[in-house]
Amino acid sequence: MMKTILLVLFTGIITDNVILAKFLGICPFLGVSKKLDSAVGMGLTATLVLVVSTAVTWPLNHFLLEPLGITYLQTLLFIVIIATLVQLMEVLIHFYFPPLYKALGVYLPLVTTNCAMLGITKLDVDMGYAFGKSMIYSTGAGLGFLLAMVLFAGVRVKLENSDIPKTFDGIPITLIAASIMSLSMMGFGGIIEGIFA
């Protein structure tokens, strides 16, 4: 049982990394990762939104949409739930953590339209996980989001302090660094499967 839990968790964090393997959530990944504190704040916010939205969408899907045969409303319902949760979190962060709210700026509302949030809740349903596994996978996906943001914030700091040829300065070197990170994360797939086999 513990082996399965760890496999699902590490799959969400590393091998199915929402940003570096699924390529969801690229906008905040590139936009908020310039500073470590913003990257951590965005990663924690995304993790919380993913876990809470899964906790709400999974039961609604299994106990309402599927029995009524209206699963075609999944996307619409999931978007409304995620948007509501993000608005609630925005108010809470603005009230309790003003510096974090100011640091995140326009990117916090982008969580509402962030395809990673909708993508993970849809994946939980499509993979057929039970509620517990869905929650573990969403937690892993959120932690993977956080990991990618923090790692890339470190890479971006290193890039800013490096002598980069004019041709690659700015967006080109950022995209090259992101692609190398993505390739390195995908390389862990066989290792994780080998450990838990």
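Odds and ends about this structure:
- Full-stretch length increase - Asn161, Leu60 - with 0.36 nm per residue and alpha-carbon distance subtracted: 31.5 nm
- Couplings 3J(HN,Hα) for region 12-24, derived from phi with the Karplus relation 6.51 cos²θ - 1.76 cosθ + 1.60 (θ = phi - 60°), are x, 6, 10, 6, 10, 3, 4, 8, 8, 10, 8, 6, 10 Hz, where x marks Gly and Pro.
- Fraction of accessible area attributable to carbon and sulfur, the chain (%, probe 1.4 Å): 73 percent
- Region 66-88 and region 123-187 have Cα centres lying 26 Å from one another.
- 5 angstrom amide H check on Gly25, placed H, neighbours 5+ away: Cys115, Ala116
- The residues of the chain expose on average 51 square angstrom of accessible surface per residue, using a 1.4 Å probe on protein heavy atoms.
- Phi angles across region 46-60 convert, under the Karplus curve 6.51 cos²θ - 1.76 cosθ + 1.60 with θ = phi - 60°, into 3J(HN,Hα) values of 5, 4, 4, 5, 4, 5, 5, 5, 5, 4, 8, 6, 4, x, 4 Hz, Gly and Pro given as x.
- Distance in nm between pseudo-label sites at Asp37 and Leu6 (7 Å out along the Cβ direction from Cα): 3.7 nm
- Extension gain (nm, one decimal) between Phe95 and Tyr72, 0.36 nm per residue minus Cα-Cα: 4.6 nm
- The chain - mean residue ellipticity at 222 nm from DSSP helices (-39,500 (n - 2.57) per run, n ≥ 4, rounded to 500): -22500 deg cm²/dmol
- Candidates Gly69, Gly140, Gly25: whichever shows maximal mean-square fluctuation once the chain is modelled as a Gaussian network with Cα springs under 10 Å: Gly69
- Hull volume per residue, based on the alpha-carbon atoms of region 1-151 and their convex hull, is 102 Å³.
The values are calculated or read from the model by the stated rules, or taken from the named source; none is laboratory data. A quick note: this is a predicted structure, and the numbers were derived from the prediction, not measured. Glycine also receives a Cβ, built like all others from the backbone with ideal geometry; neighbour counts cover every protein chain displayed. These accessible areas exclude ligands, DNA and RNA; they are computed on the full protein's heavy atoms, side chains included. Shrake-Rupley method; radii C 1.70, N 1.55, O 1.52, S 1.80 Å.
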